[in-house]
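Trainee: Let me give you the structure first, and then I'll get to my questions.
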Amino acid sequence: MIQTAIGKDIAKARALLERGLLVAIPTETVYGLAANALDPDAALHIFEVKGRPKFDPLIVHGADRERVAEFVQSFPEWAKTLSDKFWPGPLTLVLPKRQIIPDIVTSGLDTVAVRVPLNPLTHELLSQLEFPLAAPSANPFGYVSPTSPQHVMDQLGGKISYILNGGECSVGIESTIVTELEGKIHILRLGGLSVEEIESVIGPVTLNAEPTDTGHSPGSLKHHYATKTPLLHGSIDINNLDSTTTGILSFQTRYAEIPLEHQVVLSPEGDLRKASKYLFAAMRHLDSLGLKVLLAEAFPNVGLGRAINDRLSRAATRLSGTTIEG
Ligand code: AMP
Ligand code: MG
């Protein structure tokens, strides 16, 4: 067991990373489990600590576009346009990689996922380092992603020595992943930047973010982001519930039949940004109550609601009649 500390000491984080060790870092999306992306041994350590399968490639983070550009073959026009508008921010671009990025980071693919995150501490850290950081979410593979230093401590305490404390994540859901395939722009994963925002800048895109069972489309596994308590996602039918053992995750509605302490209403005023910011914290909280089942509403399929539905449907235990339309 390693002693795990939480703090704001950038020099300490930097020293650990320079020695090839792991540090949890804050970003606007979720906390990342970071290591030197140019050091295959350091990157391998990420997979081991998370229990992440090696076919699931990592995102490489840099301080700004100039630095990130050193790791890709080129920045096509569409990637320039999107990064000009949305970096730093919850947008990841998948581009042909340069050789300097080790195969372990990209799971052997000839493309690399790159991003410039928005968080002052992490930005300062990345600016001081002479290498980029590979960083998946700082949680055991398959579980809900962490959006606070305490979430990281709860699950990786004893396994890493330092968690850089950047407070609560402001977006709270992973980045939107975009690439070009056969001349068209595709969304590979829904996330903290909405499809509508992307389309407002580059026109219509193809949604290619369907979960698969095989994992061939890397990281888009059907079952992921999951609570330990079985979770159902869809329309909620209050009549057939055992109100004492059921938890509810809703957008705006409070359910009078269910004890208040077993419910989280993410945004009574109907703000999808707020809902996504607190989604994972709410899932963790409900998961900690020792209930038999969690019911999560289907969110409106617009803006960040799509990414919320994506995460909830992957978290869901699949039973017939519980999936949602659209
Ligand atoms: P995360 O688990 O949030 O770090 O996200 C990493 C995800 O980015 C992976 O699960 C993949 O879905 C995606 N990804 C990373 N690198 C690539 C790549 N080269 N091509 C396609 N998707 C990628
Ligand atoms: Mg993850």
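Trainee: I'd like the distance between the alpha-carbon centres of the stretch 21-50 and the stretch 144-168, rounded to an integer number of Å.
Mentor: 12 Å
Trainee: Calculate for the chain the 222 nm mean residue ellipticity that helices alone would give, adding -39,500 (n - 2.57) per DSSP H run of length 4 or more and normalising by residue count, nearest 500 deg cm²/dmol.
Mentor: For the chain, the value works out to -8000 deg cm²/dmol.
Trainee: Just to be sure I understand the model, the point goes 7 Å from the Cα along the line to the Cβ. What's the resulting Lys8 to Gln99 distance in nm?
Mentor: Those two pseudo-labels are separated by 4.4 nm.
Trainee: Among Leu95, Ser276, Phe47, whose Cα lies farthest out toward the positive end of the dipole of the chain, if unit charges sit on the beta carbon of Lys, Arg (+1) and Asp, Glu (-1)?
Mentor: Phe47
Trainee: For a label point 7 Å from the Cα of Gln150 along Cα→C-beta, name the residues of the stretch 28-55 whose backbone N is under 17 Å from it.
Mentor: Zone members listed by number: 31.
Trainee: On full extension of the chain, what length is gained from Phe75 through Asp41, given 0.36 nm per residue of separation minus the C-alpha to C-alpha distance?
Mentor: Residue separation times 0.36 nm, minus the Cα-Cα distance, leaves 9.4 nm.
Trainee: Skip the ligands, DNA and RNA, and give the accessible area per residue of the chain with a 1.4 Å probe, whole Å².
Mentor: 43 Å²
Trainee: Which is farthest toward the positive dipole end of the stretch 24-164 among Leu125, Leu109, Tyr162, measuring Cα position about the Cα centre, with Cβ charges +1 (Lys, Arg) and -1 (Asp, Glu)?
Mentor: Projecting each Cα onto the dipole axis, the largest value belongs to Leu109.
Trainee: Right, here's the next one. Relative to the present Cα-Cα distance, how much length would full extension add between Asp242 and Glu261 at 0.36 nm per residue of separation?
Mentor: 5.4 nm
Trainee: With a 1.4 Å probe and all protein chains left in place, how much of the accessible area of the stretch 40-100 comes from carbon and sulfur atoms, in whole percent?
Mentor: 51 percent
Trainee: Using unit Cβ charges (K, R positive; D, E negative) and no other charged atoms, how large, in debye to the nearest 20, is the dipole of the chain about its Cα centre?
Mentor: On the way: 29 positive and 36 negative charges, 98 e Å.
Magnitude of the dipole: close to 480 debye.
Trainee: For Leu181 and Arg273 in the same chain, what is the full-extension length gain: residue separation times 0.36 nm, less their Cα-Cα distance, in nm? If you can, show how the numbers build up before the last one.
Mentor: Values: separation 92, 0.36 × 92 = 33.12 nm, distance 2.92 nm.
Working it through step by step, the gained length comes to 30.2 nm.
Trainee: Next up: Choose one of Leu33, Pro76, Thr179: the residue whose Cα lies farthest towards the positive end of the charge dipole of the chain (beta-carbon charges +1 Lys, Arg; -1 Asp, Glu; about the Cα centre).
Mentor: Farthest towards the positive end: Leu33.
Trainee: I'm a student and want to see the number: the projected area of the Cα convex hull of the chain, averaged over all directions, in nm².
Mentor: If I average the Cα hull's projected area over directions, I get 16.1 nm².
The values are calculated or read from the model by the stated rules, or taken from the named source; none is laboratory data. These numbers were taken from a predicted model, which means no experiment stands behind them. All Cβ positions, glycine included, derive from the backbone under ideal geometry; neighbour counts span all protein chains shown. Note: accessible area is taken over every heavy atom of the protein model, side chains too, but ligands, DNA and RNA are not part of it. Shrake-Rupley method; radii C 1.70, N 1.55, O 1.52, S 1.80 Å.
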